[in-house]
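Accompanying notes for the structure given below.
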Number of protein chains: 2
Amino acid sequence: MIVKESTLDQTLIALADPTRRAILQHLSKGEARVTEIAAPFDISLNSVSKHIRILERANLVRRRKKGREHLLSLAPEPLDEASSWIESHRALWSGRLAELDNLLGSNKK
Amino acid sequence: MIVKESTLDQTLIALADPTRRAILQHLSKGEARVTEIAAPFDISLNSVSKHIRILERANLVRRRKKGREHLLSLAPEPLDEASSWIESHRALWSGRLAELDNLLGSNKK
DNA sequence: TATAAATTCACCCTTATGGGTTAATATAGT
DNA sequence: ACTATATTAACCCATAAGGGTGAATTTATA
């Protein structure tokens, strides 16, 4: 049973797919329509549409409608949380391992 | 069809689950057995075992057997790749958005 | 108004996740 | 040799992902 489903979860899930990372990279060049985003991929427009929904769920992408076109743009804020989680743990863990290596090293007879 | 299945994918998938992040956090205090890791959770030992397998698949956790006990320990290296992907894109995107804000700001009559 | 374009919706299929339970395996200890 | 412990294996179940197709919806345009 899912209790909370944090935004961090959704962000990491969204980033854990190469197609979605490519979509984000495309959007880093500026606003784009769904069809434009889909063009480089040889999967259906529909699949791309679903990937976009997952990116929206994670608040990594925003949509604004202009007539029949849906214009997508980046919203990088969620990356802050993901980045800080990973970065803080990375620092902590590397530190602990280094410390452990020291202990083992100095115990070596 | 999955073509490559990068280590970055596996790392992000592994991190995108709160149970697995909690396991990593537990392991940051040092090597531990599967049973010890499972204790704080009210899910079955078996479920925890599966989570650990996913962490191993991402090379975030290493296992060494000592008799009937399996001792798990952290291997933080994969975090480097994840961190650098996110961090570099975060920087890029925030930059672009700031730039865009500037343009819009200066165009405002 | 009729048609074309841009998207999504509603389905289908397959595979993976995350949970469970009940064996099976391997090792420790008596 | 038994028995208990630590862990995985082999299943079952439900749900979500990731892909597809074809219809529906909305808006632009001839």
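Quick note: the coordinates plus some simple rules give every number you see, no bench work behind them. Because the structure is predicted, anything quoted here is derived from the model rather than measured. Positions of Cβ are generated from backbone atoms using ideal geometry, with glycine treated the same way; all protein chains shown enter the neighbour counts.
When you look at the Cβ of every residue in A:8-15, what mean number of other chain Cβ atoms sits within 10 Å?
Going residue by residue through A:8-15 and averaging, the value is 5.
Taking A:Leu45 in one copy and the same position in all the others, each labelled 7 Å out along Cα→Cβ, what are the pairwise distances from the first, in nm, shortest first?
Nearest to farthest, the other copies are at 5.5 nm.
If you average the alpha carbon positions of segment A:20-56 and of segment B:1-74, how far apart do those two centres end up, in angstrom?
32 Å
Just add up the charged neighbours of A:Glu36: K/R +1, D/E -1, any other residue whose Cβ is under 12 Å from the Cβ of A:Glu36.
Neighbourhood net charge equals 0.
Once the piece of chain linking B:Ser73 and B:Ala39 is laid out straight, how much longer is it, given 0.36 nm per residue of separation minus the C-alpha distance between them?
Computed gain between B:Ser73 and B:Ala39 is 10.6 nm.
Taking each label point as 7 Å beyond Cα in the direction of the beta carbon, state the distances from B:Lys29 to the same residue in the other copies, shortest first, in nm.
Between copies, matching label points for B:Lys29 lie 5.0 nm apart.
Quantify how strongly other chains surround peptide A:77-90 by giving the mean number of their Cβ atoms within 10 Å of each of its Cβ atoms.
That works out to 5 on average.
I need the calculated FRET efficiency for the pair B:Ser28 and A:Ala22, taking r as the beta carbon distance and R₀ as 35 Å, to the nearest 0.05.
Working from the Cβ atoms, E equals 0.60.
For segment B:7-107, what is the Kirkwood estimate of the hydrodynamic radius, computed as the reciprocal of the mean inverse distance between distinct Cα atoms, to one decimal in Å?
For segment B:7-107, the Kirkwood estimate is 15.5 Å.
Among B:Leu12, B:Leu24, A:Leu79, B:Leu71, which comes first, second and so on when ranked by fewest other beta-carbon atoms within 10 Å?
Ordered from fewest to most neighbouring Cβ atoms within 10 Å, B:Leu12, B:Leu24, A:Leu79, B:Leu71 come out as B:Leu71, B:Leu24, A:Leu79, B:Leu12.
When each copy gets a label point 7 Å from Cα toward the beta-carbon at A:Ser6, what are the spacings between them in nm, shortest first?
2.4
Loop-only chymotrypsin sites (Phe, Trp or Tyr not before Pro) in segment A:39-96, please: DSSP not H, G, I, E or B, and at most 11 other Cβ atoms within 10 Å.
Hits after loop and neighbour filter: nothing returned.
What does segment A:1-66 give for Rg and for Dmax, in Å, if only its C-alpha atoms count?
Considering segment A:1-66 through its Cα atoms, Rg and Dmax are 12.4, 39 Å.
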